[in-house]
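Undergrad: One structure follows; several queries about it will come next.
The values are calculated or read from the model by the stated rules, or taken from the named source; none is laboratory data. Note that the structure is predicted; figures quoted are calculated from it, not measured. A quick note on method: Cβ atoms are made from the backbone with ideal geometry, for glycine too, and the neighbour counts reach across all protein chains shown.
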Amino acid sequence: MKTYLINHLRIPGDIPNDAGLTYLEQVEATVAPFGGRWLAQGSADVVEGAWPGSVVLMEFPSRDAATSWYNSPAYQAILPLRLKNAISDLILIDQIPEDFTIKGFASEVRRAIRGG
């Protein structure tokens, strides 16, 4: 099951500094061995609420691949470049099953509330 990484990214001044650019130049090489790829990146059109900054959406073949990448020595070596030069809210979320419906999800929640 695929896992997605979502990064709510805020860069002070909206333009990466030298260290931020160094991170960007190096991060792709750390992701490739784990099958990760970028699906979307950039500013978003906010239709509800607030979302200062931009978004990064990545896909990994599995949760294990995503966490293995994040914890890999190669990524951990460059991680401080991002942490010291940007504000990020980083999450991992798994793909839903092919047969998922939101109506079915609501039914499951109703069953759980009723206790059975």
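Undergrad: Search region 40-52 for residues being at pLDDT 95 or above and surrounded by 11 or more Cβ atoms within 10 Å (Cβ to Cβ), and hand back the single one that is farthest from THR3 (Cα to Cα).
TA: GLN41
Undergrad: What helices (runs of 4 or more DSSP H) lie completely within region 52-116 and have 2 or more residues being within 21 Å of the chain's Cα centre (by Cα)?
TA: Numbers: elements: 63-71, 73-83, 102-114.
Ranges flagged: 63-71, 73-83.
Undergrad: Next question, about the same structure. Here's a check for you: in region 66-76, which residue that is free of Cβ contacts under 8 Å to residues at least 40 places away in the same chain and not β-branched (Val, Ile, Thr) is surrounded by the most Cβ atoms within 10 Å (Cβ to Cβ)? Explain how you work it out, then say what you get.
TA: Going through region 66-76, the residues free of Cβ contacts under 8 Å to residues at least 40 places away in the same chain turn out to be 67-71, 73, 76.
Now drop any that are not not β-branched (Val, Ile, Thr), which leaves 68-71, 73, 76.
Numbers: SER68: 15, TRP69: 21, TYR70: 18, ASN71: 10, PRO73: 7, GLN76: 11.
So the residue we want is TRP69.
Undergrad: Could you count how many residues in region 26-48 are basic (Lys, Arg) and over 27 Å from SER68 (Cβ atoms)?
TA: To start, the set of residues in region 26-48 that are basic (Lys, Arg) comprises 37.
Pick out the ones that are also over 27 Å from SER68 (Cβ atoms) and you get none.
Adding up the residues that qualify gives 0.
Undergrad: From the set of residues in region 1-24 that are loosely packed, with under 12 Cβ neighbours inside 10 Å and within 20 Å of LEU57 (Cβ to Cβ), which is modelled with the lowest pLDDT?
TA: Here the residue is ASP14.
Undergrad: So is VAL56 closer than 13 Å to TYR4 by Cβ, surrounded by 13 or more Cβ atoms within 10 Å (Cβ to Cβ), out of contact with any Ser or Thr (no Cβ under 8 Å at 6 or more places or on another chain) and of a type outside the set (Phe, Trp, Tyr) or not?
TA: On the way: closer than 13 Å to TYR4 by Cβ: yes; surrounded by 13 or more Cβ atoms within 10 Å (Cβ to Cβ): yes; out of contact with any Ser or Thr (no Cβ under 8 Å at 6 or more places or on another chain): yes; of a type outside the set (Phe, Trp, Tyr): yes.
When the stated conditions are applied, VAL56 passes them.
Undergrad: Please work out which residue is nearest to ILE15 (Cα to Cα), limiting yourself to region 86-106 and to residues that are in contact (Cβ under 8 Å) with a residue 60 or more places away in the chain and of a type in the set (Val, Ile, Thr).
TA: Step by step, filter region 86-106, then rank; the result is ILE87.
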